[in-house]
Amino acid sequence: MRFGELRSIAHNVADSLASGYSQLVGMYELDVFGEAGSSPQGFIDVDFLAGTAPSGPVSTTLDEAISRFREALPDLCKKHHVSEAAFRQLRARYSTDGASATFVVTVEDVYGRTATDTYVGNPGARPRIVDNLGRIRTSRPSAKLVSR
């Protein structure tokens, strides 16, 4: 199992919820960023492995969608030839500042490798930065080994 494959699955799941139109779970009118913007803390955390939103209350529609992602995850992993048990953590934090929607995906495998990737917009893309030579680049932080 390659860690990059787990990151890819994590992005697909998180982006599917962010898009508001998720064929993965069969729900097509979701507004996670709207709910995040109106929540008291300004964000919504989603734990896809548990199928919950631990950061606070969400609408019944969003709650149902999140639980369906939990149910759909084994089939998605199977299509990627990865065991669902390879994930120790699969979380996303959705937030908006009114101008742009952002979600941060954290994935950890059973060996303790962890990566946190930030995506902006819909569909979620890595943020672009300008390097010291004026070139536009996308940033992708490397995975870190937290513990074994």
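The values are calculated or read from the model by the stated rules, or taken from the named source; none is laboratory data. Given the structure is predicted, the values throughout are model-derived calculations rather than measurements. Here the Cβ is made from the backbone with ideal geometry for all residues, glycine too, and neighbour counts use every protein chain on show.
Things worth noting here:
- Sole residue being aromatic (Phe, Trp, Tyr), touching a residue at least 60 places away in the same chain (Cβ under 8 Å) and under 24 Å from residue 144 (Cα atoms), chosen from 48, 33, 87: 87
- Considering the range 90-105, the residues that are among the aliphatic types (A, V, I, L, M) and in contact (Cβ under 8 Å) with a residue 24 or more places away in the chain include one that is nearest to residue 17 (Cα to Cα), namely 92.
- Among (1) over 14 Å from the mean Cα position of the chain (by Cα); (2) outside any strand (DSSP E or B); (3) under 29 Å from residue 138 (Cα atoms), the one test that residue 29 misses: (3)
- Some residue of the range 112-127 being surrounded by 12 or more Cβ atoms within 10 Å (Cβ to Cβ), at pLDDT 90 or above, among the small types (Gly, Ala, Ser) and in contact with a Leu (Cβ under 7 Å, 6 or more places away or on another chain): yes
- Within the range 97-111, considering residues that are surrounded by 19 or more Cβ atoms within 10 Å (Cβ to Cβ) and not charged (D, E, K, R), the one farthest from residue 7 (Cα to Cα): 101
- Filtered residues of the range 7-26 (kept if surrounded by 13 or more Cβ atoms within 10 Å (Cβ to Cβ) and either over 17 Å from residue 103 (Cβ atoms) or of a type in the set (Gly, Ala, Ser) (or both)): 8, 10, 14, 16, 18, 19, 20, 22
- Here the condition is being under 24 Å from residue 109 (Cβ atoms), part of a helix (DSSP H, G or I) and touching a Gly at 6+ places or on another chain (Cβ under 9 Å); of 10, 14, it holds for 14 alone.
- The range 51-76: number of residues that are within 12 Å of residue 9 (Cβ to Cβ) and either free of Cβ contacts under 8 Å to residues at least 60 places away in the same chain or surrounded by 19 or more Cβ atoms within 10 Å (Cβ to Cβ) (or both): 5
- Looking across 119, 94, one residue alone is aromatic (Phe, Trp, Tyr) and over 23 Å from residue 3 (Cβ atoms). It is 94.
- Subset of the range 115-129 [under 11 Å from residue 18 (Cα atoms), without any contact (Cβ under 8 Å) to a residue 40 or more places away in the chain and part of a strand (DSSP E or B)]: 120
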